[in-house]
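Visitor: Once you've had a glance at the structure underneath, I'll fire off some questions.
The values are calculated or read from the model by the stated rules, or taken from the named source; none is laboratory data. Remember, it's a predicted structure, so these values are computed and weren't measured experimentally. Here the Cβ positions follow ideal geometry from the backbone for every residue, glycine too, while neighbour counts run over all protein chains shown. When the accessible area is computed, the model is the full protein with side chains, heavy atoms only, and any ligands, DNA or RNA have been set aside. Shrake-Rupley method; radii C 1.70, N 1.55, O 1.52, S 1.80 Å.
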Amino acid sequence: KKTAGDWLQGPYVYYLYSHYGFGKGEIGHLFIAGFGSSMLFGTVVGSLADKRGRKRACVTYCITYILSCITKHSPQYKVLMLGRVLGGIATSLLFSAFESWLVAEHNKRGFDQQWLSITFAKAIFLGNGLMAILSGLFGNVLVDSLKLGPVAPFDAASCFLAIGMIIILSTWTENYGDPSENKDLLTQFKGAAAAIAADEKITLLGAIQSLFEGSMYTFVFLWTPALSPNDEDIPHGFIFATFMLSSMLGSSIASRLLAHPTPRVESYMQTVFMLSSMALLLPVVTNVRIFAHIFSILPKAPWKTNSFKSQQLLVAPSNVKGGSISFSGCIQLIGFCIFEACVGIFWPSIMKMRSQYIPEEARSTIMNFFRIPLNIFVCIALYNVKALPMTVMFGMCSAFLFVASLLQRRLMVIAEIHKSRSQDWLNMEEIDPEGVPLNG
């Protein structure tokens, strides 16, 4: 229910703001409010989840997101801005409290650790895959078939969130992070920061997550104007469902990969990041005119003319507004589906690595620490959305994903060294259980 409430809104956020008459720059500022809110309040709510209870935090998510949906009925910019702030807080809870509750509950009941990987994969397959597809199609029916307007999916999301909240309240048990009740928030922050600084694996994992999710959330903003640069009439819900079908395929692949000891998650994720980098580079390489623009800004370029100013668009400009999706848009759509498949592999895989490397006592706090740099990156990118061509923004995302691949390689090397040392130590204890130094 909580994923249905989230996915119903996804395809129509940009469209709703555009329907209210706001331009790309104003819409960018609304998105910044959401990511900025997640950055400012995320660590606080994550720490409160560890201290006050993860179940309570999940209920707070439902209430906050419902309030955010209600604000979508108002065309007033300030009210919509408030809704984005509430949505940012809810997003922080969505991506920390639920996973923390699940891991703690799994460990408390003494289940096999291998089952956790299967649970993550199924959660992404059903929640981020099947549920997202159904939500996209349902939203398409509400907006296009029943003509209920772009705010209808947000009303439907509120209903699903309310049902989810009732289920949480009636069936879930409470669990906490650090059992010490004497630790205040500042002490929790210091402990989480110390854990990140002391373990390079946690630091690398945080950087990788920030780079990938930062690119992903920038893509969430860009895909609608990228596929309809000349106000083409595109089926938002259907395209979103196609994205989620790709993500569902990716999560299915991840499920098979995680079910076997080889290849290890640290290994195959290098390929996933590289493939996602190439997928988001596709809008750049398919736009031949961007290269003409690059040549036009070179010093003393004799071919430099004012006509190049119009060539900063993702596709060739057209005098005809509306119409169906262009051929260039279809090519980009294929690349976007490949990227979404990589997203489907990413989620259960990053969850698996977090369960391995992040200490349980401050899980929510550390996970929200990871979101600070990604929110800064997304805010900077969206703040400059009017100044930067979309090709440049896609190029930046592609570069960040390439860096994530390199960092993943480093994480794999460190994990292998740590595993090798642990195995050597176990072998020594089997030979000399009392710990007496061996002399060859």
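Visitor: Would you confirm, using the coordinates I've provided, whether S328 is crowded, with 18+ Cβ neighbours inside 10 Å, at pLDDT 75 or above and farther than 30 Å from G36 by Cβ?
Guide: yes
Visitor: Test each condition in (1) open to solvent by 60 Å² or more (accessible area, probe 1.4 Å); (2) more than 22 Å from L93 (Cβ to Cβ); (3) modelled with pLDDT of 90 or more for I166 and report the one that comes out false.
Guide: (2)
Visitor: Another question, if that's okay. Looking only at region 387-397, decide whether some residue is open to solvent by 10 Å² or more (accessible area, probe 1.4 Å), of a type in the set (S, T, N, Q) and over 30 Å from K190 (Cα atoms).
Guide: No: region 387-397 contains no residue that is open to solvent by 10 Å² or more (accessible area, probe 1.4 Å), of a type in the set (S, T, N, Q) and over 30 Å from K190 (Cα atoms).
Visitor: To continue, here is another question. Show the residue pairs meeting these rules: Cβ distance below 6 Å; 6+ apart or different chains; first residue within region 120-142 and not assigned by the TED database to the domain that holds I253; second residue open to solvent by 70 Å² or more (accessible area, probe 1.4 Å).
Guide: From residues that are not assigned by the TED database to the domain that holds I253, the pairs are I133/L245; N140/F238; L142/L148.
Visitor: Could you identify the single residue in L48, L67 that is within 28 Å of T173 (Cα to Cα), assigned to a helix (DSSP H, G or I) and without any contact (Cβ under 8 Å) to a residue 40 or more places away in the chain?
Guide: Selected residue: L67, the only one of L48, L67 that is within 28 Å of T173 (Cα to Cα), assigned to a helix (DSSP H, G or I) and without any contact (Cβ under 8 Å) to a residue 40 or more places away in the chain.
Visitor: Right, here's the next one. If you take the residues of region 127-151 that are over 24 Å from the mean Cα position of the chain (by Cα) and part of a helix (DSSP H, G or I), which of them is surrounded by the fewest Cβ atoms within 10 Å (Cβ to Cβ)?
Guide: Ranking the qualifying residues of region 127-151, first place goes to S145.
Visitor: Could I ask something else about it? Take S68 and tell me if it is assigned by the TED database to the domain that holds G164, of a type in the set (S, T, N, Q) and over 20 Å from the mean Cα position of the chain (by Cα).
Guide: No; evaluated as a whole, the condition is false for this residue.
Visitor: Of the residues A381, A415, which is outside the structural domain of K55 (by the TED database), out of contact with any strand residue (DSSP E or B) (no Cβ under 6 Å at 6 or more places or on another chain), open to solvent by less than 20 Å² (accessible area, probe 1.4 Å) and at pLDDT below 85?
Guide: A381
Visitor: Looking at region 105-122, which of its residues are buried (at least 20 other Cβ atoms within 10 Å of the Cβ) and among the small types (G, A, S)?
Guide: The answer is S117, A121.
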